[in-house]
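The values are calculated or read from the model by the stated rules, or taken from the named source; none is laboratory data. Every value quoted in this text rests on a predicted model; they were computed, and no experiment measured them. Here the Cβ positions follow ideal geometry from the backbone for every residue, glycine too, while neighbour counts run over all protein chains shown. Heavy atoms of the whole protein, side chains included, go into the accessibility calculation; ligands, DNA and RNA do not. Shrake-Rupley method; radii C 1.70, N 1.55, O 1.52, S 1.80 Å.
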Amino acid sequence: MFIADNLIEDGHLIGGQHKESGKIVFPLPSGAEQAFYDTVQLSDEGKLWSWSVQRFLPKSPPYMGTETLETFKPYIFGYVELPRQVIVQSRIVGCDESDLKIGMALRLTTTPFDHKEKGVVDTFAYTPA
Amino acid sequence: MDVAIIGIGIHPFGRTEGMSGLDQGVYAVRQALKDAGVEWSDVECAFGGSSAAGNADIMVNQLGLTGLQFINVNNGCATGGSAVISAYASIKAGQSDIALAVGFDKHPRGSFDPKPADWGIDDWYGDQGFMLTTQFFALKIQRYMAEFGITPKALALVAEKAFHNGSLNENAWRRSPVDLETIENAPMINDPLNKFMFCSPAEGGVALILASEKKVKELGIQKPVWVKGAAVKTRLEGSFEVFSPSIQIERSTPPTTLASNAAFEMAGVGPEDIDVAQLQDTESGAEIMHMAENGFCADGDQEKWLAERATWLNGKLPVNTDGGCLANGEPIGASGLRQVHENVVQLRGEGGERQVPGEPKVAYSHVYGAPGLSAVAILER
């Protein structure tokens, strides 16, 4: 199970391309706004645009992870530039923050997320290529 | 018809147990009225708000039921800036001669916990831990440092100055200086920003009384401070803002630069004419980036400015002379008005230990907030 519908399809991230302006956005808009967009497959490969580390347990809600103050482990996140498409915010996995350099090549993967209400689900992430 | 600020009031920022945010706003209004030498019944219209401490217009219960027009403002971090521009416009339009701008707040401890739906974002974004304002600021300065050669030391130098200035400000929350080494070695919150480099949600209230030129003369106001430029701008396509699951590859002019340009043009002055500036410093990196976005230096020049202490009280452009958000905390509704309050103090020459030398004549304030808007005010004595 994935953390939400409309994020990933056939193993690729999907976004929306505005029918008039051609602008690509992520995620694909939901609800009435979706009528203005075509579904577009986003690139599996990209470059690190910026990054940081979440070092404190976010307040819940809105955070739905099951960790406590004692079990929380910092996670890396950042923005990934998908060539000629859009820059997406994502978790960054499979590396240490000391490995990160802006501009480095990354590829799409998935990572498990222990969700308070949904149980263990998958979410998208990028990892060093 | 010019518009002046004739009265200012502030309730000390930080934590005041047992006092509501609204009461802190009322406290500030009473002080501002006294400072201006006018009565509550003289105020013809009011604009005010808070983000988390209730409706501003209920304060008439305490101040007096005079029948005045009172409009609640709810514009995120730009609530104060929007109140000022509304009060200004009301006087400029000839609708009133004396107007109030007031902002106050009282936030719980810890980071803000916004709901994704309030920002047009799907739940998964908050579920997996992306709905934090601190992350945006970290990502923005991380990229900026790589692009323009800003070092971690520069981030620490901003915080050092903030706590120094805060120690000289009787209304600040953080009143103890912190040495550079302690700041540099503090635990990270969101890399590259550590615990001394972020401001915290807090409490406080600020009120300003504005008046028409005619009223300033009639009342014989001794030290009027004139509002020469005021602008509020929202983001353009291609802007990089807080709470963005995706952003466009091509960057555009940020809302801060739009508001800055508009205010400078309106005031007929440029960055070189500014003697003292209050720039949104939600965290150390924001002050650095906002120095360039507001036109005071080129991208990357901040490194040299900070090494030379050019933004300290006796530097070429003193920035955040009251300690800014870092030393005062951020009660959202009051924060932008605190900046204007401090500029009035400086232009009147009433800064005491933190008074900028050389009798400053033109002052600049800038507030930035979610979801990507900025307010700028330029004052002149």
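Of note:
- Complex-versus-alone comparison for the range A:59-76, residues with a loss of 50 Å² or more in accessible area, probe 1.4 Å: A:Lys59, A:Pro62
- Among the residues of B:131-143, the average count of other protein chain beta-carbon atoms within 10 Å of the residue beta-carbon is 5.
- Accessible area per residue in Å² at 1.4 Å probe, computed on the range B:203-288: 37 Å²
- Whole-percent carbon and sulfur share, accessible surface of the protein assembly as shown, 1.4 Å: 48 percent
- Against the rule of thumb 2.2 N^0.38 Å, how large the Cα Rg of chain A comes out: 1.11
- C-alpha center-to-center spacing [the range B:177-220, the range B:275-318] in angstrom: 15 Å
- Value of D in µm² per second that Stokes-Einstein yields for chain B, Kirkwood Rh from Cα pairs, at 4 °C (1.567 mPa s): 63 µm²/s
- Burial ranking of peptide ranges A:84-91, B:206-213, B:234-241, B:172-179 (average Cβ count within 10 Å, highest at the top): B:206-213, A:84-91, B:172-179, B:234-241
- In the protein assembly as shown, the C-alpha radius of gyration followed by the widest Cα-Cα span (Dmax) gives 23.3, 75 angstrom.
- Per residue accessible area of the range B:66-182, 1.4 Å probe, in Å²: 38 Å²
- 10 Å-binned pair-distance histogram of the range B:1-141 (Cα, whole percent): 11, 35, 29, 17, 7, 0
- Counting, for every residue in A:45-55, the Cβ atoms of other protein chains within 10 Å of its Cβ and taking the mean gives 6.
- At least 40 Å² accessible surface lost relative to isolated chain, residues of the range B:97-130 (1.4 Å probe): B:Ser111, B:Asp113, B:Asp122, B:Trp124, B:Asp127, B:Gln128, B:Phe130
- Separation of the range B:338-369 and the range B:2-40, taken as the distance between their Cα centroids, equals 17 angstrom.
- Among the cysteines of chain B, B:Cys45, B:Cys77, B:Cys297 have no other cysteine beta carbon within less than 4.7 Å of their own.
- Packing-based ranking, highest mean first, of B:367-380, B:112-125 given that Cβ atoms within 10 Å are counted: B:367-380, B:112-125
- Chains A and B together bury roughly 3400 Å² of accessible area, counting both sides, with a 1.4 Å probe on protein heavy atoms only.
- Checking the cross-link pairs A:Lys23/A:Lys59; B:Lys106/B:Lys161; B:Lys92/B:Lys217; B:Lys316/B:Lys361; B:Lys92/B:Lys215; A:Lys47/B:Lys115 against a 22 Å limit on the alpha carbon distance flags A:Lys23/A:Lys59; B:Lys106/B:Lys161; A:Lys47/B:Lys115 as lying beyond it.
- Per residue, the range A:43-128 exposes 46 Å² of accessible surface when a 1.4 Å probe is rolled over the protein heavy atoms with every protein chain present.
- Between A:Gly119, A:Ile87, A:Gly103, the Cα set farthest toward the positive side of the dipole of the range A:43-128 (charges on each charged residue's Cβ, about the Cα centre) is that of A:Ile87.
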